[in-house]
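Before any comments, here is the structure.
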Amino acid sequence: MGKIEQTKKYDNGTAYLMLSPIVILLTSFVAVPFVYAIYISFYNWGFYQDSVFVGWRNFYLVLTDQLFWHSIVVGLKFALYVIPLQMLLSFLFAHVIRAMGRRSSGIVKTSIYIPTVISGIIASIIFGFIYHYDGGIANYLIGLIGIEKIAWLNDVSTALPSLAVPAIWLGFGISALIMLAGLLDIPDSYYEAADMEGANAFQKMIYITIPLMKNVILFLLVTGFAGALQQLELPMIMTGGGPVNATLTPNLHIFNHFRNDVEMGYTIAAALLMFVVLGSIAAFIFRILNSDKAIDG
Amino acid sequence: MVRGNAVGKAIVYSIGFLVSIVSIFPLVWLAIAGFKGKTEVVATPFRFFPEKWLISNYITILSDEAFSRSLLITFIGAVIFTVFTLLINSMAAYVFARLEFRFKRILWVYVIMTMFIPSMAILVTSFIVVSKMNLLDTIAVLILPGLASAAHMFFMRQFYLNIPVSLEEAAMIDGADRFKIYLYIFLPLSYPVFVIVGIAAFLGYWNSFIWPTMTITSPELYQIMQYLATFRSERGSEMGLLMAGSTLSAIPTIVLFLFFQKHIMKGIKISGLK
C-alpha cells in the first residue's frame, strides 16, 4: 500500500525521462571533460603518443613558466583598465537615463544596448581599422587637437588600453541597463526623506544609492571581472598577443599552447590553474564586499 | 528654479544623446565603410563618407558562395540550437520546479555545479571527447556540446516557480499527466522567458568563434565568425568587402534584438537582481 502512495506522490519515471537529455549532455560535455582534465593533468599526454604518469610536473612547468605569470598580469591589468571605467561610466549614465523622458530614454537605451549583440570578431575588425596608423579615426581625432599619430596596437604602452576600449564598448550597454534597473528599484521615499533632512546630492549617493545597489554592483563587478580576465577574441584577432606579449591574456596563452603543442599536459594544467585563480579572485571580491556589507547591517 | 531645471534638462539630454551616438558610431561607420573602395577604408586623410558610394561590395560578398553558404549554415545551426536549448532546459526546469522524485537533491546539485566550470578549463578534453565521438567537422559538434545549460535551466525554473499551482490542479482533475501539463500549460506560458533565453542562445551560437575554429576544418562548414576572421587574415586588403561582409553578419543579431527589445529590457531587470 505504502508503495502505491509513494508512486502517486513521486513521479520518478516522468522526471527521469524529462531530465535525461540535460543530464546526458552535461555529463558528456562538461562533467566527463572536467574529470578527465583533472586526470590527465597528471600525465604526459598527447594526441599521438602513449601517456606517461608525471605527477605534478605539468603544474610545475606552468607555475615556473614566466610567460604564464606574465599573462596573468596582463589579464589583471586588462581588468583594471576595463572594470573601474565601465562601472563608473555605466553608474553615471544610468542616472542620465533615469532623468530622461520616457520616449527619449527608450531611444538611448536601445542605442547603447545594440553593441552588446555584436560579436568580439566584428568588434575586432571595426576597432582594428579605427586604430589604423594612417587612415584610422583614432589618429585623425587626436590629430585635430594637435597630437602626433600613435601606433595604437603596435606600441607596448598603448596596445592593452586600446583593447580595453572595444571591451568597454561591448559591455557598456548591458551594465548601464542593469545599473538603471537597480536605481529604479530604490523607493523614492528614501530620497524624499533625505531631502527633508537637507542632504545634498553627494550625500544621497553615498548614503542611499550606493549601499542599496551593493548587490547590483557586486554582480557586475564579479561577472565583469571574470569576463575581462578571460578575454580571448579581442587580443587574438587585433594584436595576436603582441607587441612583445603586451596583450597576451591568460586564455590566449593557453589557446596558443593548444594550437602549437604536441603535449597537452601544459595546456590542461594551465587551464585548470586559471580556473582556480579565477575562482579564488571572485571569492576574494565577494569576501571583501560581504564583510563590508556586514558592517552597515 | 524653472530656468535651472531647463538647463539641467538640456545637459542631461545632450549627454544622453551624445553617448548614444558614440555608442552606435562604430557600427554606422562599419556599414558605411562597406560602400567604400578596396583600400579607401583607411584612406589618408581620414574620410567618414566614401568618395563614391559603391553598392558592389555588398553584392559581391553576398554572391560569393562561401560567404552566403556560411551565413545560411550558421543561421540554420543557430535556429536548431535555439529550439533544442529551449526544449531541453525548460523540461529540466519544469521537473525541478514542480515534480518530486528520488535523488532530486543530488541531481540538482550535480546540474548546478556544471555552471561553475569555465569552458576554457575543459577546452582540450572537450575536444578529445568530441573527436572520440567522431563528431569533428560536423554540424553536430557545434550544436550538441552547448545545448544543456544549467544557467538557462535555472533562469527558467525561477520563472516556473511563479506559475500558480491551481492551473495544474485543474488539468490533473481532467486526467492530464505531468508531461501533458508541461506541454499544454507550461510551454505556452513560457513565451517571455523563452524570448530571453532563446536570444541568448541564438547570439551565443551566432557569435561563437573559438569552438568552431577548433572543431571545423572544411571550408564548406565554416561558421560566419570563422569565415570573417579567415577572410580578415587572408584577404585583408579587400577592406570594403570585409566591411560589407561584417555588416551583413551583424544584421541578424541586431534585427533580432530590435524585434524583441521590450522582452529583453524586461529580462535585464531580473538578471542583475537575481
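Would it be correct to say that A:Leu248 is within 24 Å of A:Ser119 (Cβ to Cβ) and of a type in the set (A, V, I, L, M, F, W, C)? Spelling it out, A:Leu248 is indeed within 24 Å of A:Ser119 (Cβ to Cβ) and of a type in the set (A, V, I, L, M, F, W, C).
In this structure, A:Leu218 does not satisfy being within 14 Å of the chain's Cα centre (by Cα), modelled with pLDDT of 85 or more and either under 19 Å from B:Ile122 (Cβ atoms) or charged (D, E, K, R) (or both).
For region A:86-112, a residue qualifies if it is among the aromatic types (Phe, Trp, Tyr) and within 7 Å of another protein chain (Cβ to nearest Cβ), and exactly one does: A:Phe93. Among the residues of region A:87-97, is any open to solvent by 70 Å² or more (accessible area, probe 1.4 Å), in contact with a helix residue (DSSP H, G or I) (Cβ under 8 Å, 6 or more places away or on another chain) and assigned to a helix (DSSP H, G or I)? Checked against the condition, which is being open to solvent by 70 Å² or more (accessible area, probe 1.4 Å), in contact with a helix residue (DSSP H, G or I) (Cβ under 8 Å, 6 or more places away or on another chain) and assigned to a helix (DSSP H, G or I), region A:87-97 yields at least one hit. Filter region A:206-217 down to residues that are more than 10 Å from chain B (Cβ to nearest Cβ) and among the aliphatic types (A, V, I, L, M) and give me whichever is surrounded by the most Cβ atoms within 10 Å (Cβ to Cβ). Filtering first and then ranking leaves A:Ile208. Here the condition is being crowded, with 23+ Cβ neighbours inside 10 Å, facing chain B (nearest Cβ under 9 Å) and not hydroxyl-bearing (Ser, Thr, Tyr); of A:Ile122, A:Ile137, it holds for A:Ile122 alone. Among the residues in region A:3-16, are any basic (Lys, Arg) and within 8 Å of chain B (Cβ to nearest Cβ)? Checked against the condition, which is being basic (Lys, Arg) and within 8 Å of chain B (Cβ to nearest Cβ), region A:3-16 yields at least one hit. Considering only residues in region A:246-266 that are part of a loop (DSSP other than H, G, I, E, B) and surrounded by 18 or more Cβ atoms within 10 Å (Cβ to Cβ), the one that is nearest to the other protein chains (Cβ to nearest Cβ) turns out to be A:Met264. From the list A:Ile145, A:Ile130, A:Ile137, A:Ile122, the one residue that fits, being out of contact with any helix residue (DSSP H, G or I) (no Cβ under 7 Å at 6 or more places or on another chain) and modelled with pLDDT of 90 or more, is A:Ile145.
Every condition in (1) closer than 19 Å to B:Gly245 by Cα; (2) within 10 Å of chain A (Cβ to nearest Cβ) is met by B:Met113 except one, and the failing one is (1).
For beta carbons closer than 7 Å, sequence separation of 6+ or different chains, a first residue in region B:65-76 that is at pLDDT 95 or above and a second that is not in a helix (DSSP H, G or I), the qualifying pairs are B:Ser70/B:Tyr222; B:Ser70/B:Gln223; B:Thr74/B:Gln223.
Scanning region B:128-187 for residues that are open to solvent by 40 Å² or more (accessible area, probe 1.4 Å), under 20 Å from A:Tyr10 (Cα atoms), in a helix (DSSP H, G or I) and facing chain A (nearest Cβ under 8 Å) yields B:Arg178, B:Phe179. The residues in region B:89-129 that are aliphatic (A, V, I, L, M) and within 29 Å of A:Gln231 (Cα to Cα) can be counted, and the count is 13. Of A:Ala283, A:Ala271, all but one fail to be within 25 Å of A:Tyr60 (Cβ to Cβ), open to solvent by less than 20 Å² (accessible area, probe 1.4 Å) and out of contact with any Phe, Trp or Tyr (no Cβ under 6 Å at 6 or more places or on another chain); the exception is A:Ala271.
Across region B:26-41, the qualifying residues are those that are at the interface with chain A (Cβ under 10 Å from one of its Cβ atoms) and buried (at least 16 other Cβ atoms within 10 Å of the Cβ), and the one among them that is farthest from A:Leu92 (Cα to Cα) is B:Glu40. Scanning region A:48-58 turns up no residue that is within 20 Å of A:Thr223 (Cβ to Cβ), in contact (Cβ under 8 Å) with a residue 60 or more places away in the chain and of a type in the set (Lys, Arg).
The values are calculated or read from the model by the stated rules, or taken from the named source; none is laboratory data. Since we're looking at a predicted model, the values are computed, not measured. A quick note on method: Cβ atoms are made from the backbone with ideal geometry, for glycine too, and the neighbour counts reach across all protein chains shown. With ligands, DNA and RNA removed, areas are computed over all heavy atoms of the protein, side chains included. Shrake-Rupley method; radii C 1.70, N 1.55, O 1.52, S 1.80 Å.
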